[in-house]
Amino acid sequence: MTFRRSIRGFVALTVVALVGAGTYAFTASNSVTAPAAGAGSAAISGYTVSGVSYSLNGSNPQNIDSLAFSVSPTNASSVKASLDGSTWYSCTNTAGSVTCATTSPQATVGSASNLVVVASQ
């Protein structure tokens, strides 16, 4: 009889422990932050490029070493230029005065067919 009481006590204690653990697990709280979603639109305005000038290489005037121009509005933070539509050069904008080194790869007068400027704020 003592053995049966021990087993009954053990089973009862196990059931109580499982019920207690299950109750805790079911009453645990989760927090979910509110999701956000939205849509908007704004007009995209362009930049005006003016005063374009090219600096030719002193030793070989068939090479263009740099190009310079003004951009308005002056707040463009990223400016790139291409003289042939496929090779892009990084430019520096200082208050609307833009300069672009065109030596790597070397731009040439013969390959300069169309100036394309891309600017973004």
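The values are calculated or read from the model by the stated rules, or taken from the named source; none is laboratory data. A quick note: this is a predicted structure, and the numbers were derived from the prediction, not measured. In this analysis, Cβ positions are derived from the backbone assuming ideal geometry, glycine residues included, and neighbour counts consider all displayed protein chains.
If I go through the range 50-91 residue by residue, how many of them are among the β-branched types (Val, Ile, Thr) and touching a Leu at 6+ places or on another chain (Cβ under 8 Å)? Result for the range 50-91: 2. Check off (1) in a loop (DSSP other than H, G, I, E, B); (2) in contact with a strand residue (DSSP E or B) (Cβ under 6 Å, 6 or more places away or on another chain) for ALA43 and give me the number that stays unchecked. Of (1) in a loop (DSSP other than H, G, I, E, B); (2) in contact with a strand residue (DSSP E or B) (Cβ under 6 Å, 6 or more places away or on another chain), only one is false for ALA43: (2).
Among the residues of the range 91-121, write down those that are surrounded by fewer than 12 Cβ atoms within 10 Å (Cβ to Cβ), at negative phi and either in contact (Cβ under 8 Å) with a residue 24 or more places away in the chain or outside any strand (DSSP E or B) (or both). Write out each step before concluding.
Kept after step one, since they are surrounded by fewer than 12 Cβ atoms within 10 Å (Cβ to Cβ), are these residues of the range 91-121: 92, 94-95, 104-105, 110, 113-114, 120-121.
Imposing the further condition that a residue be at negative phi reduces the set to 92, 94, 104-105, 110, 113-114, 120-121.
Result: SER104, PRO105, GLY110, SER113, ASN114, SER120, GLN121.
To keep it simple, each residue is scored yes or no on (1) at pLDDT below 95; (2) on the phi > 0 side of the Ramachandran plot.
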position: ALA39; (1), (2): yes, no
position: ALA43; (1), (2): yes, no
position: GLY46; (1), (2): yes, no
position: SER53; (1), (2): no, no
position: GLY58; (1), (2): no, no
position: PHE69; (1), (2): no, no
position: VAL79; (1), (2): no, no
position: GLY85; (1), (2): yes, yes
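In the range 56-80, the residues that are part of a loop (DSSP other than H, G, I, E, B) reach residues that are of a type in the set (Asp, Glu) with C-beta atoms within less than 8 angstrom, at least six apart or across chains, in these pairs: ASN57/ASP65.
Looking for something aromatic (Phe, Trp, Tyr), surrounded by 10 or more Cβ atoms within 10 Å (Cβ to Cβ) and modelled with pLDDT under 85 - is there at least one such residue anywhere in the range 9-32? The answer is yes, given that some residue of the range 9-32 is aromatic (Phe, Trp, Tyr), surrounded by 10 or more Cβ atoms within 10 Å (Cβ to Cβ) and modelled with pLDDT under 85.
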